[in-house]
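Written below as structure tokens is the structure these notes are about.
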Amino acid sequence: GASDAQLKGLIDKKVLRPEKRQVDRIRYMPRDIKIDFELSPAQSVALSAVHQSRAASQVCLLHGVTSSGKTQLYIKQIEEMIRHGRQVLYMLPEIALTGQIIRRLQKHFGGYIGVYHSKFSQNERVEIWQKVKNGEIRVVLGARSTVFLPFQDLGLIICDEEHDSSYKQQDPSPRYNGRDAAIYLASIFKAQVLLGSATPSLETYHNAVTGKYALVELNERYGNIALPPITIVDKKTIEQAQGDKAIILAPLVQAVREVLARNKQVILFQNRRGYTPYQVCTVCGWIPQCKYCDVSLTYHKFTNKLVCHYCGTSYAPLQTCTACGSHSFTQRNFGTEKIEEILQEIFPEAKVGRMDIDTVRGKNAHDVLIQQFEQHRIDILVGTQMVVKGLDFDNVDLVGILDADGLLHFADFRVNERAFQLMEQVSGRAGRREATGQVLIQTGQPFHPVLLHVK
């Protein structure tokens, strides 16, 4: 390349002419509005009810069953706002969700859409910040931090999966709930708020029922497809084969075989990452814990380390019990890493993928994995909460919840509400295009009240 002095000389001799050009770090598509779908009669009724609710209340809860087509209602609302020259904030609980939704929205609105979340670099975020401030970006899609962007003329906030606990930021500060902050932000701009969920949180549903919020219900799936049947598999009554394979019980193994034979896909849900959530000394019962957090350490086989999921500190695997000196440890419970290994043993022909925070660390890693599943390059997807939140896959015929008891006995005062929401959401990933989906839930408590409600 030429030096600065050489370039300056060429400019002075009028051979070169300096020019200032703004180059975007993020590529944008041409601006275009293209709506290529028709609403069902139920969706049309719901959309007109949302329009009518604006006069009565600034906040509207859209309570629609899974796969009822809530996103299509959002798209119609966004179209209306863009045509009126106003801005829209579309909030999602997880960054993992943005990839699939952004592709759908770009298909309809092209370059009107911008994405903002913490996986972008500082410079990319500054660029989006400036474009929102200038009004160049009309629709911003992102996680909870998008409420702090400098909107100029906000007309609508869509808060999808409003019940999700990921909207609440605990660490680092500031501690806030993205959904509640969005409602306050809307009050400043006199904007409409649309809260969408198949399993609304108790406080939102209470506000809707008591008249503080407007309530619009959408009680049938798009295309009148039936909700998938739910089968409870009782762990206690099934003769379990000895060894690790008992994690996936015989009825679930058989169901997976049948689905794979039909060239369909499977999602298996386990809300614990890692290989084994904790190790126990067989002599004295001591469990290795983090020296900073007093939280039990999870074994990760791929990295061969014990990791604290609270602060992220990792330790070398322990061979000796620090309490009694014994060398005998047993591994209790199971995480997504172990399930992935077992599935590869049981179904060697199937392509198995894993979706948890360990496998989607890069900026686009989650989107790559979702696209592989959409393109049927993965047959069985194992994952934590990431796989249940609002993702839309045409080909999934079976959803398996491997350990419902772990959800029902989590240390949280809202445990029953959260367990119901997670199980209902994960069930909604099955049979979204054809009425052949099914859901299997493995549990040692088949008569638990929450499970009876889910069923």
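The values are calculated or read from the model by the stated rules, or taken from the named source; none is laboratory data. Everything numeric in this text was worked out from a predicted model, so none of it was measured. Quick reminder, even Gly has a Cβ in these numbers, built from the backbone with ideal geometry, and neighbours come from all protein chains shown.
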*Could you tell me whether E161 is buried (at least 22 other Cβ atoms within 10 Å of the Cβ) and either more than 21 Å from the chain's Cα centre (by Cα) or more than 24 Å from Q22 (Cα to Cα) (or both)?*
yes
*How many residues are in contact with a Gly (Cβ under 9 Å, 6 or more places away or on another chain) and either buried (at least 22 other Cβ atoms within 10 Å of the Cβ) or not in a strand (DSSP E or B) (or both) if we restrict to segment 169-189?*
1
*Consider R354 carefully, then state whether it is modelled with pLDDT of 85 or more, among the basic types (K, R) and over 26 Å from P251 (Cβ atoms).*
no
*Would you check if there is a residue in segment 21-31 being within 30 Å of N395 (Cα to Cα), in the same structural domain as V88 (by TED's automatic domain parsing) and surrounded by 12 or more Cβ atoms within 10 Å (Cβ to Cβ)?*
no
*All but one of (1) modelled with pLDDT of 90 or more; (2) closer than 27 Å to A404 by Cβ; (3) touching a Lys or Arg at 6+ places or on another chain (Cβ under 9 Å) hold for I225, so report the exception by its number.*
(1)
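Residues are listed down the side, and each one gets a yes or a no for (1) over 28 Å from P348 (Cα atoms); (2) within 15 Å of the chain's Cα centre (by Cα):
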site	(1), (2)
D358	no, yes
Q372	no, no
Q375	no, no
L381	no, yes
T384	no, yes
V399	no, no
L407	yes, no
D412	yes, no
N416	yes, no
*Go through segment 65-97 residue by residue and tally those that are among the aromatic types (F, W, Y) and in a helix (DSSP H, G or I).*
1
*Starting from segment 351-380, take each residue that is outside the structural domain of N395 (by TED's automatic domain parsing) and farther than 22 Å from G312 by Cβ and list its partners that are modelled with pLDDT of 90 or more and among the hydroxyl-bearing types (S, T, Y), counting only C-beta distances under 7 angstrom and pairs at least six apart or across chains.*
none
*Name every residue in segment 127-143 that is part of a strand (DSSP E or B) and among the hydrophobic types (A, V, I, L, M, F, W, C), in order of residue number.*
V139, V140, L141
_For the list (1) under 30 Å from L185 (Cβ atoms); (2) at pLDDT 90 or above, I need the number of the one condition that R54 fails._
(2)
*State whether one or more residues within segment 298-307 are in contact with a Cys (Cβ under 9 Å, 6 or more places away or on another chain), of a type in the set (S, T, N, Q), surrounded by 19 or more Cβ atoms within 10 Å (Cβ to Cβ) and not assigned by TED's automatic domain parsing to the domain that holds V439.*
yes
*Which one of these is crowded, with 17+ Cβ neighbours inside 10 Å and at pLDDT below 80: P288, P277?*
P277
_Can you find, within segment 9-48, the residue that is farthest from S68 (Cα to Cα) among those that are outside any loop (DSSP other than H, G, I, E, B) and touching a residue at least 40 places away in the same chain (Cβ under 8 Å)?_
R31
*Name the pairs whose Cβ atoms lie under 8 Å apart, with the first residue in segment 71-94 and more than 15 Å from S44 (Cβ to Cβ) and in contact (Cβ under 8 Å) with a residue 40 or more places away in the chain, the second of a type in the set (F, W, Y) and part of a helix (DSSP H, G or I), and 6 or more positions between them or separate chains?*
I78/F109; I82/F109; Y90/Y74; M91/Y167; P93/Y167
